[in-house]
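The values are calculated or read from the model by the stated rules, or taken from the named source; none is laboratory data. Here the structure is a predicted model, which means the values were calculated and not measured. Positions of Cβ are backbone-derived with ideal geometry, glycine not excepted, and every protein chain shown enters the neighbour counts. Surface accessibility is based on the protein's heavy atoms, side chains included, excluding ligands, DNA and RNA. Shrake-Rupley method; radii C 1.70, N 1.55, O 1.52, S 1.80 Å.
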Amino acid sequence: MKLITDWRQSWRLWSVRLSAFGAALFAFLLTAPDLAQTIWTALPPDVQALIPNRTGVALAISIAVTIARVLRQKDKTDAGQ
């Protein structure tokens, strides 16, 4: 197994960012379930209806990571513009 070229810049890839977001979200839910429940119950019912269940969120993040990985992203020369 070898690292990708410019692996130190991988934080700029949207697939890496989405994966990190998903990991942070689920880590929060696992470590602070009471706080997560408090936040959830504080949301208005119409906002709660817009948010899918945990399986839907996991599926959406997985699909977003896959799509982000195959989409062409800016070259590193274009990143500063």
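Restricting the first member to the stretch 1-19 and to residues that are closer than 16 Å to THR66 by Cβ, and the second to residues that are open to solvent by 60 Å² or more (accessible area, probe 1.4 Å) and at pLDDT below 90, the beta-carbon pairs closer than 7 Å and six or more apart or on different chains are SER15/ARG69. Scanning the stretch 54-73 finds one or more residues that are in contact with a Gly (Cβ under 7 Å, 6 or more places away or on another chain) and either open to solvent by 90 Å² or more (accessible area, probe 1.4 Å) or at negative phi (or both).
Does GLN81 satisfy being at pLDDT 90 or above and open to solvent by 90 Å² or more (accessible area, probe 1.4 Å)?
No, not satisfied.
For the stretch 20-53, name all the residues that are closer than 30 Å to SER10 by Cβ and either open to solvent by less than 60 Å² (accessible area, probe 1.4 Å) or within 11 Å of the chain's Cα centre (by Cα) (or both). Once the filter is applied, which keeps residues that are closer than 30 Å to SER10 by Cβ and either open to solvent by less than 60 Å² (accessible area, probe 1.4 Å) or within 11 Å of the chain's Cα centre (by Cα) (or both), the stretch 20-53 yields ALA20, PHE21, GLY22, ALA23, ALA24, LEU25, PHE26, ALA27, ALA32, ALA36.
Residues in the stretch 43-75 that are within 20 Å of ALA23 (Cβ to Cβ), without any contact (Cβ under 8 Å) to a residue 40 or more places away in the chain and not polar (S, T, N, Q): ILE51, PRO52, ARG54, GLY56, VAL57, ALA58, LEU59, ALA60, ILE63, ILE67.
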